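What follows is a set of notes on a single structure, which appears directly below.
The values are calculated or read from the model by the stated rules, or taken from the named source; none is laboratory data. What you see is a predicted model, and the numbers here were worked out from it, not measured in a lab. Positions of Cβ are backbone-derived with ideal geometry, glycine not excepted, and every protein chain shown enters the neighbour counts.
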Amino acid sequence: MTISIPSITSKQIKEYCAINSIDNIEGFCVECLMKGFSIEKFGNSPLDKIKMENGEDIEKKEQEAVKSESIKKVRKVRVVKKTIKKND
């Protein structure tokens, strides 16, 4: 498989490698690709991987967690009508 990298991205990778004294640019790119693929495949944390292997729906649980964490503040307003008679 051959992967084409946009010239701007290639330039940024080369600059990054130069600044950080990385000699093996191709190896660095493969390592980054594998890390990104693992994150895409298994999620950001090991816990996500375990949940996926157990067949749990991660996105649904995350949405439920966000919903349960949302706190709605309700302000009660009581309207009082008072008639004031003016004595002339």
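A few remarks follow.
- Filter result for Val74 (in a loop (DSSP other than H, G, I, E, B) and either surrounded by 11 or more Cβ atoms within 10 Å (Cβ to Cβ) or at pLDDT below 70 (or both)): yes
- Residue check, Ile8 out of contact with any Ser or Thr (no Cβ under 8 Å at 6 or more places or on another chain), part of a helix (DSSP H, G or I) and aliphatic (A, V, I, L, M): yes
- So Asp88, is it at pLDDT below 95 and not in a helix (DSSP H, G or I): yes
- Subset of segment 19-29 (residues that are under 19 Å from Ile3 (Cα atoms) and exposed (fewer than 12 other Cβ atoms within 10 Å of the Cβ)): Asn24, Glu26, Gly27
- Residue within segment 38-51 that is surrounded by 11 or more Cβ atoms within 10 Å (Cβ to Cβ), part of a helix (DSSP H, G or I), at pLDDT 80 or above and within 22 Å of the chain's Cα centre (by Cα) present: yes
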